[in-house]
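Just so it is clear, none of the values below were taken in a lab; they were calculated from the coordinates. Note that the coordinates shown come from a computational prediction; the quantities given were computed from them, not determined experimentally. Methodologically, a virtual Cβ is constructed for each residue, glycine included, from the backbone with ideal geometry; neighbour enumeration extends over all protein chains shown.
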């Protein structure tokens with residue numbers, strides 16, 4: 001019997017006993033309605049206050065029956081309430097365990113932090129595309145709404161390390177930080193990047209001043225819902241007025257980086273896996289169109305066939321399809337940085353460009369790693385603990401076995417004197433730090449394509 005129905009029955013039983021007891025005392029003992037009701041209540045609750053006045057033999061028999069009836073009604077009501085509470089607790093516990101078990105089996109999935117307007121739209125898109133994802137939301141009502149749609153939901157704080165680990169952050173391939181607070185999104189980005197250096201992170205930002213902070217914290221891309229909505233409205237208005245042609249040259253970098261490639265008959269991609277094609281083309285395959293169905297983030301093992309199309313995204317500034325990347329595969333590059341966030345970021349970018357990154361956190365460790373590994377390349381920051389970037393260049397240049405290593409000094413100091421000292425110390429390249437990380441990667445690729453080694457340290 002449904003719990004709600006049992007509650008209704010228990011309430012009906014209670015009212016029935018009270019009405020029957022009140023009526024019995026009025027008819028059998030001549031009590032007033034008020035006295036009869038009082039007598040009934042103290043009798044079925046067994047409080048023991050005593051009789052209002054002595055009862056007759058018939059009245060005493062009636063009282064005994066009333067006690068048992070009242071006790072039965074109360075016991076049934078208590079049992080109903082307790083069972084209902086236990087059922088809810090056990091159901092929630094069972095659902096939570098089942099949810100965690102399903103999440104633990106996921107691999108290369110996406111994580112959405114926050115089920116607001118941005119997060120709910122992303123979740124709906126992932127769901128329609130059949131791409132696995134986990135939603136993190138701390139609002140109970142929003143969690144319930146997401147669960148009713150069949151989403152995998154973790155009720156918790158997205159900024160918590162434990163919650164992100166439960167969501168499978170170490171095995172995920174993408175994360176959307178879509179909380180309404182920019183500081184919270186920055187904290188999520190920093191934490192997620194620490195747990196998974198190769199994770200693709202997109203963060204929401206409502207304040208334009210937070211964009212650079214999020215990018216420096218490890219986000220691959222920052223989106224602003226209000227800016228995006230404004231651009232879309234403006235584009236629609238311009239299109240209506242026939243003035244949209246002026247936007248052709250101002251296309252967004254991401255749009256230019258996205259490209260559909262057809263797998264036509266006779267293509268060498270036929271029969272190859274998505275992972276191998278992505279590796280060979282030096283770009284990330286983010287979509288697959290096969291038999292009229294679009295799949296977001298296809299499995300690396302998925303095989304391509306004639307008639308398919310793949311959606312690829314270039315790494316940065318066209319590097320993904322550049323012929324200069326040809327020699328990048330299996331080339332070692334040393335990257336040294338005392339800032340762990342920056343170190344992970346550039347290690348990931350070098351890895352995506354086809355290199356094998358080797359890291360160090362101070363100047364002395366950098367010299368040891370370069371001499372031992374003899375990398376194809378290294379990037380060196382000017383300010384490092386123990387030994388500065390310039391001192392590292394001098395030490396490396398004093399070792400005969402590293403004479404072919406190209407040294408790239410990476411610094412935010414644009415003074416000519418700093419550049420002169422770097423070149424005198426043996427640096428081959430001098431790269432200024434800017435928000436555009438592509439410049440450093442392009443310099444590494446340029447040095448590799450020239451047939452030389454490159455050595456670099458970043459801070």
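How much length would be gained if the chain were fully extended between residue 171 and residue 221, taking 0.36 nm per residue of separation minus their Cα-Cα distance, in nm to one decimal? The partial results should precede the final answer.
Numbers: separation 50, 0.36 × 50 = 18.00 nm, distance 2.00 nm.
Roughly 16.0 nm would be gained on extension.
Order of 42, 64 from fewest to most other C-beta atoms within 10 Å? Before the final figure, lay out the partial values.
Details: 42 15, 64 11.
Ranking 42, 64 by Cβ neighbours within 10 Å, fewest first, gives 64, 42.
So how much slack lies between residue 414 and residue 339, counting 0.36 nm per residue of separation and subtracting their Cα-Cα distance, in nm? Could the numbers behind the result be given before it?
Details: separation 75, 0.36 × 75 = 27.00 nm, distance 2.03 nm.
Gain in length upon complete extension: 25.0 nm.
Can you sort 8, 110 so the residue with the fewest Cβ neighbours within 10 Å comes first? Please list the in-between numbers first.
On the way: 8 12, 110 24.
Arranged by neighbour count, lowest to highest, 8, 110 become 8, 110.
Fewest Cβ neighbours within 10 Å first, please rank 204, 125 accordingly.
Details: 204 26, 125 12.
The most exposed by this proxy come first: 125, 204.
Rounded, prolate or oblate: which one fits region 106-226, using the alpha carbon gyration tensor with axes a ≥ b ≥ c (rounded when a/c is under 1.5, else prolate when a/b beats b/c, else oblate)? Intermediate values should be presented prior to the final figure.
On the way: a/c = 1.56, a/b = 1.29, b/c = 1.21.
In terms of gyration-tensor shape, prolate.
Roughly what percent of Cα-Cα pairs across region 56-177 reach past 18 Å?
Details: 4492 of 7381 pairs.
In whole percent, the long-distance tail amounts to 61.
Rounded, prolate or oblate: which one fits region 389-447, using the alpha carbon gyration tensor with axes a ≥ b ≥ c (rounded when a/c is under 1.5, else prolate when a/b beats b/c, else oblate)? Show your work: numbers first, answer last.
On the way: a/c = 2.69, a/b = 1.34, b/c = 2.01.
In terms of gyration-tensor shape, oblate.
Give me the distance in nm between label points sitting 7 Å out from Cα along the Cα-to-Cβ direction at residue 383 and residue 301, one decimal.
For residue 383 paired with residue 301, the spin-label model returns 4.9 nm.
By how many nm would the segment from residue 56 to residue 209 grow when fully extended, if each residue of separation counts as 0.36 nm and the alpha-carbon distance is taken off? Walk me through the numbers on the way to the answer.
Values: separation 153, 0.36 × 153 = 55.08 nm, distance 8.72 nm.
Extending this stretch completely gives an extra 46.4 nm.
Sorted by mean Cβ packing within 10 Å, highest first, what order do the peptides 103-109, 186-192 take?
Details: 103-109: 14.9, 186-192: 23.7.
My ranking of the peptides, most packed first, is 186-192, 103-109.
Residue 47 to residue 309: FRET efficiency via 1/(1 + (r/R0)^6), r the Cβ-Cβ distance, R0 56 Å, to the nearest 0.05? Show your work: numbers first, answer last.
Working: r = 80 Å, r/R0 = 1.42.
E between residue 47 and residue 309, to the nearest 0.05, is 0.10.
Can you give me the convex hull volume of the Cα atoms of region 3-88, divided per residue and expressed in Å³?
Working: hull volume 7.1 nm³, N = 86.
Dividing the Cα hull volume of region 3-88 by its residues yields 82 Å³.
If R₀ is 25 angstrom, what is the calculated FRET efficiency for the pair residue 371 and residue 423, using the beta carbon separation as r and rounding to 0.05?
Values: r = 22 Å, r/R0 = 0.86.
The computed FRET efficiency comes out at 0.70.
How many nm separate the modelled label positions at residue 198 and residue 64, each set 7 Å beyond the Cα in the direction of the Cβ?
About 8.2 nm, to one decimal.
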